[in-house]
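Structure first, commentary second.
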Amino acid sequence: MTIEELKSKFIEKYGEGEINGYFSPGRVNLIGEHTDYNGGFVFPCALSFGIYCLIRTTERKSVRFASLDMPFEAEVKVEELNIAIGKEWVNYPIGVFAQFMKKGLTFDKGADLLFYGDVPTGAGLSSSAALEVVTGVVINETYGFGIDRIELAKMGQKAEHEFALVNCGIMDQFVSAMGKKDHAVFLNCDTLSYDLVPVILDGVKIVISNTNSPHKLDSGKYNERVAECHAAVKAIQPYQQITALGEISWEDFLKVEDKIENETVRKRARHVVSEIQRTTDAVKALRAGDLLKFGVLMNGSHDSLRDDYEVTGFELDTMVEEGRKIEGVIGTRMTGGGFGGCTVSLVKEGAIDTFIEQVGKNYHEKTGLKPLFYVAEIGDGGKKLF
Ligand code: GLA
């Protein structure tokens, strides 16, 4: 859909007048999975697809929500923009309005909003974070609140906690707000200090493979993993003064690993601590131009998510196994929360057609599902379009 088409959809819905347009991207995480809510490192990049939001302010003291992707629509009084509506998609933007209200900010005008997404939903590419961040940017700029980008990312995360009931980390909202074209964000999720690292992949592309098996982040499994990590911290505390798994090095972890009695909790901790080490190693490798090493670390990440963190499943594992059979695949792993969704692979340009054809065919034969493939373009974080 072009910008002009989007504008005419807006006019069809709300009539003629001034319109402003904003966009925030989805993301693909290159490495550093399930580390963010443990105060560890992540290394995601913003995608060129995401969520668009068109807005016009009105004299009515209410906000109207509509989407080109979802049939449900709502009109909410400005003083009620902190009340959830059933289990509808509008709770994501409403959850963000609610964060502004919590800061004591009020809306002196109403607004008409129209959303549209070109990021596949339920694919683990953070369509919900993109929706939260675009809403935050729209509100901030329209009402002139002057809140900085990192705070907007945190408000998106809170909206997710309070209105979608997922205790997610900060990665998705952060990269959607702060990403930069052709860069990945090396983020310390404890301090929120970050580096934008150029992604220079000489003759290699990032390929995203969608298993088309929807990831079910709200299924409770995600919150279960968060709780298991807290249990691991508790089990380690008598031996090491830590408040989060991100505070213990791999070497120190090996010394206390045996003290964690519950085997499941021990495995979860082993994934998190080793993944944090892999992430810093991977960023070093990329900076040094050592893509082969980066690929080996990506593979290690998947195996750890499969064996120790147990968030992959048949479809993601099949996609990864089939990918690894193709010559020219440098590394491949699941990306995002897991339990379905997408994998991310580094593939030599000359091998991409074979990859899509062979992996597509074999994956379909084994799972009965038709996968989708996207050659990723790394885009910018949330911005005003017009
Ligand atoms: C989801 C969450 C993120 C992060 C990833 C796993 O995408 O929203 O905060 O925890 O899972 O790395």
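The values are calculated or read from the model by the stated rules, or taken from the named source; none is laboratory data. The shown structure was predicted, so the numbers you read here are calculated from the model rather than taken from an experiment. Every residue, glycine as well, gets a Cβ built from its backbone with ideal geometry; the counts of neighbours run over all protein chains shown.
Suppose we filter Phe174, Phe186 for residues that are within 13 Å of the ligand (Cβ to nearest atom), closer than 26 Å to Gly331 by Cβ and of a type in the set (Phe, Trp, Tyr); which single one remains?
Answer to the selection: Phe174.
Given the conditions (1) over 19 Å from the mean Cα position of the chain (by Cα); (2) assigned to a loop (DSSP other than H, G, I, E, B); (3) not acidic (Asp, Glu), which single one is not true for Trp89?
The number of the failed condition is (1).
Residue pairs, Cβ under 7 Å, 6 or more apart or interchain, first in segment 25-44 and closer than 13 Å to Gly379 by Cα, second among the charged types (D, E, K, R). List them.
Arg27/Asp172; Pro44/Arg27
Quick grid of which residues meet (1) in contact with a strand residue (DSSP E or B) (Cβ under 6 Å, 6 or more places away or on another chain); (2) surrounded by fewer than 22 Cβ atoms within 10 Å (Cβ to Cβ); (3) not aromatic (Phe, Trp, Tyr):
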{"residue": "Lys180", "(1), (2), (3)": "yes, yes, yes"}
{"residue": "Asn212", "(1), (2), (3)": "no, yes, yes"}
{"residue": "Ser249", "(1), (2), (3)": "no, yes, yes"}
{"residue": "Phe253", "(1), (2), (3)": "no, no, no"}
{"residue": "Asn262", "(1), (2), (3)": "no, yes, yes"}
{"residue": "Lys267", "(1), (2), (3)": "no, yes, yes"}
{"residue": "Ser274", "(1), (2), (3)": "no, yes, yes"}
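Consider Gly122 against the criteria (1) assigned to a loop (DSSP other than H, G, I, E, B); (2) at pLDDT 95 or above: it satisfies all of them except one. Which criterion is unmet?
(2)
Assuming Leu114 fulfils every condition listed in (1) within 16 Å of the ligand (Cβ to nearest atom); (2) at pLDDT 95 or above; (3) under 18 Å from Ala66 (Cβ atoms) apart from one, which condition is it?
Failing condition for Leu114: (1).
Is it the case that segment 36-46 has a residue that's assigned to a strand (DSSP E or B), away from the ligand (no atom under 14 Å from the Cβ) and crowded, with 19+ Cβ neighbours inside 10 Å?
Scanning segment 36-46 turns up no residue that is assigned to a strand (DSSP E or B), away from the ligand (no atom under 14 Å from the Cβ) and crowded, with 19+ Cβ neighbours inside 10 Å.
Determine, yes or no, whether Ile31 is within 16 Å of the ligand (Cβ to nearest atom), touching a Lys or Arg at 6+ places or on another chain (Cβ under 8 Å) and modelled with pLDDT of 95 or more.
Spelling it out, Ile31 is indeed within 16 Å of the ligand (Cβ to nearest atom), touching a Lys or Arg at 6+ places or on another chain (Cβ under 8 Å) and modelled with pLDDT of 95 or more.
May I ask you to list pairs of residues, at least six apart or on different chains, whose Cβ atoms are under 6 Å apart, with the first in segment 164-181 being touching a residue at least 60 places away in the same chain (Cβ under 8 Å) and the second being near the ligand (Cβ under 7 Å from one of its atoms) and outside any helix (DSSP H, G or I)?
Qualifying pairs under 6 Å: Met171/Val42; Asp172/Ser126.
Give just the number: which of (1) hydrophobic (A, V, I, L, M, F, W, C); (2) crowded, with 23+ Cβ neighbours inside 10 Å; (3) within 15 Å of the ligand (Cβ to nearest atom) does Ala164 not satisfy?
(2)
Hey, any hits in segment 134-150 for a residue that's under 19 Å from Thr335 (Cα atoms), away from the ligand (no atom under 16 Å from the Cβ) and not basic (Lys, Arg)?
no
So Leu292 clears everything in (1) assigned to a helix (DSSP H, G or I); (2) within 18 Å of Gly169 (Cβ to Cβ) except one condition, right? Which one?
That leaves (2) as the condition not met.
Tell me, please, whether a residue that is outside any helix (DSSP H, G or I), at pLDDT 95 or above and under 30 Å from Asn140 (Cβ atoms) can be found in segment 315-330.
No - not one qualifying residue is present in segment 315-330.
Could you tell me which numbered condition Glu75 fails, if it satisfies all but one of (1) within 16 Å of the ligand (Cβ to nearest atom); (2) over 17 Å from the mean Cα position of the chain (by Cα)?
Looking at each condition in turn, Glu75 falls short on (1).
Only one of Met1, Met101 is at pLDDT below 95 and either part of a helix (DSSP H, G or I) or out of contact with any Cys (no Cβ under 9 Å at 6 or more places or on another chain) (or both); which?
On inspection, the qualifying residue turns out to be Met1.
What residue, of Gly338, Gly379, is of a type outside the set (Lys, Arg), within 16 Å of the ligand (Cβ to nearest atom), in contact with a Phe, Trp or Tyr (Cβ under 9 Å, 6 or more places away or on another chain) and under 30 Å from Glu132 (Cβ atoms)?
Selected residue: Gly338, the only one of Gly338, Gly379 that is of a type outside the set (Lys, Arg), within 16 Å of the ligand (Cβ to nearest atom), in contact with a Phe, Trp or Tyr (Cβ under 9 Å, 6 or more places away or on another chain) and under 30 Å from Glu132 (Cβ atoms).
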